[in-house]
Structures are given as structure tokens and as C-alpha cells.
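The values are calculated or read from the model by the stated rules, or taken from the named source; none is laboratory data. Remember, predicted model here, so these are calculated numbers, not experimental data. Note: ideal-geometry Cβ built from the backbone for every residue, glycine included; neighbour counts use all protein chains shown. The protein model used for the area step is the full one, side chains on, heavy atoms only, and it has no ligands, DNA or RNA in it. Shrake-Rupley method; radii C 1.70, N 1.55, O 1.52, S 1.80 Å.
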Amino acid sequence: MPETTKITIDPVTRIEGHLKIEVEITDGRVTNAWSSGTLFRGVETILQGREPEDAWLFTQRLCGVCTYVHGVSSVRCVEDAAGVSIPDNARIIRNLLMGGLYIHDHPVHFYHLHALDWVDIVSALSANPGAAKILADTISPSAPTIDFEEVQTKLRTFVNSGQLGPFAGGYWGHSAYQLTPEENLIYAAHYLYALREQVKAAKMHAIFGAKNPHLQSLRVGGVTCEKQVTSTRINEFKTYLNQLKDFIDHVYLPDVKYLASKYPEWASIGGFNNYLAFGEFQNGNSPWDNYLPGGVILNGNLAEVNDVDLSKISEHVERSFYAGTSARHPASGETIPNYTGYDTKDRYSWLKAPRYNGEPMEVGPLARVLTAYAKGHTDMVKLVDELLTQLDLTMDNMHSTLGRVAARALETKLIADQMDNWLSQLNTGGSFIVSPDIPTTGAGAALNEAPRGALGHWINIDDRKIANYQMVVPSTWNLGPRCSAGKKGPVEEALMGTMVVNPEEPVEILRIIHSYDPCLACAVHIIDTNQDKTYTVQVIK
Amino acid sequence: MKKLLVLGVGNILLMDEGIGVHAIYEFWKEKQDWDETLVDFIDGGTFTQDLFYLFEEYENILVLDIVRAGQTPGTIFSLEEDQLRKEEKQMLSLHDIDLLDSLGMARMRGYCPRLKVLGIEPDKIDWGMQLTPTLAAALPSFVSVARKHIGELLAISIPST
């Protein structure tokens, strides 16, 4: 009998809920996986009976990371119900706000949430700072000059203080960390450098958002930041944007490419092959005409991208803690909690299992990038092809953990570059908002792309009040459980077959989970069935 | 650099979880009583580590949040940063990890303000916009204790209300 070890990765809940991953490992490889979590249950009860125009003020409080996307999705679904066309200026401001979020969130994900799965911070302490400088110049000659000795001293002080903060709980010294001390020091230095850039992105976001987090300038019918759209404020925005573009071009992208070159095997690990994108950054009034297009890709077949047909979306609850077994479309969705206890053979998650035409779909940067690529988006094709050539990889390698990491960086560059065009399209004298005529009875939907992936809000209005409100969020698509047909969710499937060197320190599993950018801070409980031991490990988000 | 940031954190959709934000709303009502060159009152909401950039602009931070310490709901606690680090993380509200990470990040960047947390034991955390009756009743004293702390941090005397 092959030896089977069970690992449970059970993170601590933060604002958006709780994610737990359980895997079975046989002969060093993942042979089964279950993803279990809680998200958003109960929010409907808060929204029911309220004014539709107020819903966004509540939905943007659902999550601390994705505040804007839930705000804009909400106003859009009400606009859809009201049949409102918003002014071009409002559409452009929303594109800029969403773009700002991508530029903020993606580098934060790479440097502060994901890099530590690849970069050994403790190893950086033994680096030769001079050698690191020479190497850094090779990786990116135009990167800002960094005093690596100073960074190393800072790190040492930090580590010696015993309060590791964001570095606590890393599997430092694990054999899966393949970078040299000098490489680790460069990434550690850029971790700190990226914090500074993150501040710029947050400040840029506040220019037209009035406030960060929980911005204030959205309304059903448009935006209210008209007074901020002056040449002074636009130039301020541009100054931040240009600095961020320098950072993306000379630090973020080169760092991603170099990391990929050092972990080539991860371009074949952790992939999935069904993708769904709703599209984002509207070119005009149609929600289906977007700078990043929507589409459906099945079985990794990029030769055929289908248009999204919303009627094909259903949410299964047969393996989730909700009453009933029938799969329903979100517009007629119901959320009746029915907790029956965690049982991987039966119900095991608070997440529903969204399916598209019955299939589990990956959403997020990789889905968007592949959809745009397959649809012949000129700039995207150029970026992807360049990347693959430089790394000596093929399109097949995009269906992987590294593909996800790279897609995030590529679309960050694409959007940052496009933001200049949007800025130039703002018409300072023009209209920014129209008065919506909210119907007494009606229904609306909004489909967007949050940085983490496809997001849908559905509203039903009755007696001019919210009768029902449903959301299908990116993490539900990616981290949802099995469906009625027993098909695994994307992350569950992506984990299958992964080699895990040391079940006590499952860094390989974390690499795959984190590559999806789940919006969760987590702790890990590992149960080794053979030795009846429980380890508790704090995971860096 | 301003003297003090009063940061209310929490999720107002989760009943008592949002009391820090509710307290900030109370302070906004008395905005004219405070010298805005010395102190800001910010609704941090469901913030994440990315609020650390704010930390660089203040000498002191007073966080208003819930603290779960197994005490009677409504019990008010004052904690210094080193106490936060020594105590079990789970004792604090859902935001503590980000709070400490934010401080760590600010420190690594070279500057870190002095942190104080004023917390209150919650009664119930579940979907709902209202505080529980217990915490709604405790809110005035929570705000009043906060007022006293603010006065101390600003080294000014606060008229008792």
C-alpha cells in the first residue's frame, strides 16, 4: 500500500471569510484535494428592502481588498436595471479607478503576498551585497539603484528583533527555495521598494476616488468627482502613473521574468484549462465591448473563444452548506444556509460551486490574458509572445502556476500604458453623471473583472426596493467545491499531481493556491495521519 | 507630520465588528471641537495592510477596534503595541494581522508611529448593520474613553462630556 498523508491547510478567517484546503498525498504527490471556504453569505438580508442606489455603499464594505470593484459592480447592475447609459467621462473615470486598482493590487500580490513562496528572506541575510548589485544590473539595467548593504542591514535588524511580522511563518530554508542568497536579497529589496510604489498607487486612486479605502465618488448614473477633473489633478495623476509605469517596466516585469527563469518547472505545474472572463474597461456603452475582452475558453483550446452566455451560469449547492441540491442561475439564486458539518464525502464548503455550462472555470488574470490573446488583442499578443520567447516557453506553459504570475504582470503593463489614453479622453467641461430613473420593478446584472477575476452582481427590484441581490465572486469560481456532477473546482483540480517534498512544510501547495490570489489571510493546520501530529503554521497571505 | 491619527477599523456589515467605525462617525459629528492640524479621524473600514502609507504621516496612531478577550461584552481595553505582539493573535479582531503587518512594513521602510489600540469586547458578530443593544449602550463610554486618550496623546485637556 502506498503511504497516504493528509494535509489540511486551514487559514484563519479575515473579513471575507475562511479558506481551508485539504489534500491527500500519496507517494509524495497530491492525489485528492478539497477546497472549503465561507464568503458573503448573509449579505442579501442586509440589502433586501433598501434603496437600489444605496447598495454600493454596502457592497464595497464586503471586502477590504476589493472595495472599489464591489462598489462599481453594484452601481452597474442598478444602471442595467434602470437602462441608464452613463456619460463617457464617467465611464473613463471608472476605467481609471479600476486600472489604478490593478496597478495597485497586482504588484502587491507579487511582492507582498506571493513572492515569499519563492524567495527565502533568511537566505538574503547571507548574500554578498556587491554581487547582488552586479546581478541586479544584469536583470534590469534601468532599475533604480538600491543600496543592497543597507537593505540587508535593515532585514537583519528586523529578523534579529524576533518580531518577523510579515515574514513570520515562512518555510525558510526549505529545499524548494532555489534562488541564491544574492537573488533572494534582490527580491527582498524590491519587496521594500514595492511598498513605496504601492503608496503612490493608493494616492493616485484617491485623486478621483476622494478616499481610500471605500471611495466615495461613485453614484448610480455616473461619478461625482467632476470638480477633481482639472488639469492640475490630471497632471498629479499622470505623475504618479508615470512613476508606476517605470516601476512596472523596470522592476516588476523583469523580476517576474527572472523568477520564472529560475523556476522553469513551475511553468508545467498547477495549471487548469477552462477560462472565463467577463471583460473590463468599457470602450463604450456596451458592457460587452471592453478593452480587455470577455470570453470562454474550454480545454485550453485557444483556437475557439466563445462569447459569454450568462444563461449558462449556474451555482451548484449539492456539496455546499446550503439547503437543496438544485443548481440555479444567480438571478434566481437563493442562499439558505444549512450547515451539516464538514464532510469531504458530502457537503464541505460554504462556497457554492459556480459552473459555466456545467464546467468549472478559472477566472482572473490568466483567463483575461488568454482570452485577449486568443481574440487577437494586438498589444496582448505582443506582450505574451515576447515573454514566451524570452523564457523559451510555449503557449502550453501558460496553463500553469507561472502562467498565472506572468499574466498578472503582463496585464498590469497593458493597463498602465492604456491609462494614458483614457486620461487624454477626459472632457473636463463635459457631463459626469445623469439622473437614473430607477424602475419600480425590474432586474439588472453587472459583469466585471476585479483584479482577482470575473465578478457578477445581480439585482431584483420590487416596489422600488431591493427584493433580491446575489453576487458571484472570483474566489467562488476559483476556490469553489465540487458540483452536483462531482467535478472538482479549479484550485482543487490544479493541485492534483503536485509533488510535495515535505508535508510538514507544503510550500508547493501554497504556491498554487497563492497564484490564484485568494483574498484571504491564513493559518495552516497540518494533520499528518500517520504520526497523529498537528502542526500549526502561520501563512503569509 | 501630524500628531495623531485616530483610526476606526471594522466591518459595519457585521454588527459589533463595526464599532470602531461607528465611533469615528461620532467623532465626525464633533469635528469642530478638534484641531485638524493635530489630529485626523479616519474610517479605516475593512482595511488591509495597504493602509500602512497613512502610518508614515503621524507621530501616534490610536486604533479603535473590537478586542476579543473573553470578558463581558462592552468591556473596554487599552493596549500598547508590545502587548498586541505578546498576546494571542486570535484575541484581537479580524484586523490585527494586517495592523501588525502594516506596522512591520512601515518599520521596514524606516518610520513607524507609536501605536495604541482602544478595544471593546463584542457581544455578537454576524450579518447586520446594527450594534447589539449592549454595545450600542457602551458606545458613548467607548467614545468618551477614546476622547480621554486623544487628549493625552495630544497633551491637551478635554472637557468632560
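If you restrict to DSSP beta bridges whose two residues both lie in the protein assembly as shown, what percentage is antiparallel, to the nearest 5?
75 percent
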SASA check, A:Asp396, accessible area w/ 1.4 Å probe, all protein chains in place, rounded to nearest 10 Å², comes out at 120 Å²
What percentage of the solvent-accessible surface of chain A, computed with a 1.4 Å probe over protein heavy atoms, is contributed by carbon and sulfur atoms?
-> 48 percent
Computed label-point distance, nm, for sites A:Gln178 and A:Lys345 using a 7 Å Cα→Cβ extension = 4.0 nm
Sort out for me the Cα centre separation of region A:347-366 from region A:256-333, rounded to whole Å.
-> 9 Å
Whole-Hz Karplus ³J(HN,Hα) for region A:68-82, in order, using 6.51 cos²θ - 1.76 cosθ + 1.60 and θ = phi - 60°, x for Gly and Pro?
-> 4, 5, 6, x, 5, 5, 5, 5, 5, 6, 6, 4, 5, 5, 8
What helix-only [θ] at 222 nm does the protein assembly as shown give? Using -39500 (n - 2.57) per DSSP H run of at least 4, over all residues, to the nearest 500, the answer is -11500 deg cm²/dmol
Tally up the carbon and sulfur contribution to the accessible surface of region B:2-154 as a whole percent, 1.4 Å probe, everything protein left in place.
-> 50 percent
Between region B:129-148 and region A:393-444, how many Å separate their Cα centres?
-> 41 Å
Quote the total accessible area buried by chains B and A together, excluding ligands, DNA and RNA, probe 1.4 Å, nearest 100 Å².
-> 3100 Å²
Going by the alpha-carbon gyration tensor, a ≥ b ≥ c the square roots of its eigenvalues, is region A:24-166 rounded (a/c under 1.5) or, if a/c is not under 1.5, prolate (a/b greater than b/c) versus oblate?
-> prolate
Gain in length, A:Thr378 to A:Asn235, computed as 0.36 nm per residue apart minus the alpha-carbon separation, to one decimal in nm?
-> 48.6 nm
Mean Cβ neighbour count within 10 Å, used as a protection proxy, ranking B:133-141, A:220-228, A:47-55, A:270-278 highest first | A:270-278, A:220-228, A:47-55, B:133-141
Order the peptides B:25-37, A:137-149 from the highest to the lowest mean number of other Cβ atoms within 10 Å of their residues.
-> A:137-149, B:25-37
Built amide H within the under 5 Å cut-off of B:Gly45, gap 5+ = B:Gly10
Proximal aspartates and glutamates relative to A:Lys227, as straight alpha-carbon distance under 19 Å, when same-chain residues fewer than 8 apart are discounted | A:Asp88, A:Glu236
Let me know the mean shielding of A:192-204 by other chains, meaning the per-residue number of their Cβ atoms within 10 Å of its Cβ.
-> 3
Cut-off under 5 Å, modelled amide H: who pairs with B:Val67 long-range | B:Ile120, B:Glu121
Please report the base-10 log of the normalised intensity I(q)/I(0) for chain A, using a Debye sum with one equal scatterer per alpha carbon and no solvent, at each q in 0.07, 0.10 (1/Å).
-> -0.38, -0.80
Under Karplus coefficients 6.51, -1.76 and 1.60, residue-wise ³J(HN,Hα) of region A:131-138 in Hz, glycine/proline x = 5, 4, 4, 4, 5, 4, 5, 6
Set of lysines near A:Lys20 by C-alpha distance (under 21 Å), chain-local residues within fewer than 8 positions excluded | A:Lys6, A:Lys345, A:Lys352, A:Lys487, A:Lys488, A:Lys533, A:Lys541, B:Lys89
Proximal lysines relative to A:Lys257, as straight alpha-carbon distance under 16 Å, when same-chain residues fewer than 8 apart are discounted | A:Lys382, A:Lys413
Return the subset of B:Lys3/B:Lys148; A:Lys200/A:Lys238; A:Lys262/A:Lys375 for which the Cα-Cα distance in this structure is over 21 Å, preserving the input order.
-> A:Lys262/A:Lys375
When a/c is below 1.5 the answer is rounded, else prolate if a/b is larger than b/c, else oblate, so apply that to region B:2-154 with a ≥ b ≥ c taken from the square roots of the Cα gyration tensor eigenvalues.
-> oblate
FRET efficiency, A:Ser484 to A:Glu504 (Cβ-Cβ, R0 41 Å, nearest 0.05) = 0.70
Solvent-accessible area per residue for the protein assembly as shown at a 1.4 Å probe radius, Å²?
-> 35 Å²
Using θ = phi - 60° and Karplus 6.51 cos²θ - 1.76 cosθ + 1.60, couplings along region A:93-107 (whole Hz; Gly, Pro as x) | 4, 5, 4, 5, 5, 5, x, x, 5, 4, 5, 6, 6, 5, x
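If you count, for each residue, the other Cβ atoms within 10 Å and average over each peptide, how do A:321-329, A:456-464, A:345-353, A:420-428 line up from highest to lowest?
Answer by packing, highest mean first, reads A:345-353, A:456-464, A:321-329, A:420-428.
In what sequence, largest accessible area first, do A:Arg452, A:Arg196 appear using a 1.4 Å probe?
Result, largest first: A:Arg196, A:Arg452.
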Cα gyration tensor, region A:94-147 - rounded (a/c under 1.5), prolate or oblate | oblate
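For peptide B:101-109, what's the mean number of Cβ atoms from other chains within 10 Å of each residue's Cβ?
If you average over the peptide's residues, the count of other-chain Cβ atoms is 6.
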So who's got an amide H within less than 5 Å of the one on A:Asn468, skipping anything under 5 residues away but keeping other chains? H placed 1.01 Å off N, in plane.
-> A:Asn460
